[in-house]
Amino acid sequence: MVITKDHIGGLVFLCLSAAYGFYTGDISMLPGDEYEPFNAQTLPNILAIMGIILSLALIVTASRNAEDRLSLKGYDFPIIIKLLALVVLFSFALEWVGFLISTIFFLVGGYWLLGERRPKTLIIASVPFAVFIWFALSQLLDIYLAPGRLITMLFGG
């Protein structure tokens with residue numbers, strides 16, 4: 001039996017989707033919501049089921065060629081580690097400078113790590129996307145995004 005990268009990826013995605021589906025039962029609902037056709041658990045359950053179906057499809061349809069075997073050659077582990085460190089920095093920055101500023105710096109840093117060095121491109125690729133996501137979450141979906149401790153200390157709130 002040949003185990004390829006696609007098989008490993010499908011198995012990892014299957015485990016993550018199953019765990020996500022298991023924990024959707026912990027999402028609290030308002031009294032009476034359990035009888036509604038769409039509640040707080042509906043979309044997470046659908047996402048978990050879709051993840052399980054897609055991961056099983058990946059496992060079944062994965063290539064079984066010997067040249068596709070699991071190999072760590074060709075991966076740039078220093079970049080992977082730097083991107084993971086950037087994600088951790090982003091999580092700390094969210095609390096201090098808020099969603100919008102930390103997202104802009106996260107995207108600029110990610111693009112820069114991946115090789116883009118032109119400042120104009122970094123800004124054009126980061127700022128509109130971050131502003132759109134902030135607008136969609138805070139204004140359209142009415143999700144509260146804390147402005148951050150530093151912003152609150154400087155400007156009040």
Filter region 70-114 for residues that are at pLDDT below 95 and of a type in the set (D, E, K, R); the one that is farthest from F135 (Cα to Cα) is K73
Answer with yes or no whether A57 is over 17 Å from the mean Cα position of the chain (by Cα), more than 28 Å from S138 (Cα to Cα), open to solvent by less than 80 Å² (accessible area, probe 1.4 Å) and at pLDDT 85 or above.
-> yes
Verdict on V88 being over 20 Å from I143 (Cβ atoms), part of a helix (DSSP H, G or I), open to solvent by 90 Å² or more (accessible area, probe 1.4 Å) and free of Cβ contacts under 8 Å to residues at least 12 places away in the same chain = no
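Residues are listed down the side, and each one gets a yes or a no for (1) without any contact (Cβ under 8 Å) to a residue 24 or more places away in the chain; (2) assigned to a loop (DSSP other than H, G, I, E, B); (3) in contact with a Lys or Arg (Cβ under 7 Å, 6 or more places away or on another chain):
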residue	(1), (2), (3)
D6	no, no, no
L14	no, no, no
S17	no, no, no
Y23	yes, no, no
M29	yes, yes, no
N39	yes, yes, no
L43	yes, no, no
I49	no, no, no
I52	no, no, no
For Y75, state whether it is open to solvent by 50 Å² or more (accessible area, probe 1.4 Å), not aliphatic (A, V, I, L, M) and not in a helix (DSSP H, G or I).
-> yes
For G156, state whether it is open to solvent by less than 60 Å² (accessible area, probe 1.4 Å), free of Cβ contacts under 8 Å to residues at least 60 places away in the same chain and in contact with a helix residue (DSSP H, G or I) (Cβ under 6 Å, 6 or more places away or on another chain).
-> no
If we keep just the residues of region 101-147 that are in contact (Cβ under 8 Å) with a residue 40 or more places away in the chain and not polar (S, T, N, Q), which is surrounded by the most Cβ atoms within 10 Å (Cβ to Cβ)?
-> I101
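The values are calculated or read from the model by the stated rules, or taken from the named source; none is laboratory data. This is a predicted model, so every value here is computed, not measured. Please note: Cβ atoms are built from the backbone with ideal geometry, for glycine as well, and neighbour counts cover all protein chains shown. Ligands, DNA and RNA are stripped out before the accessible areas are found, and what is left, the full protein with its side chains, is counted by its heavy atoms. Shrake-Rupley method; radii C 1.70, N 1.55, O 1.52, S 1.80 Å.
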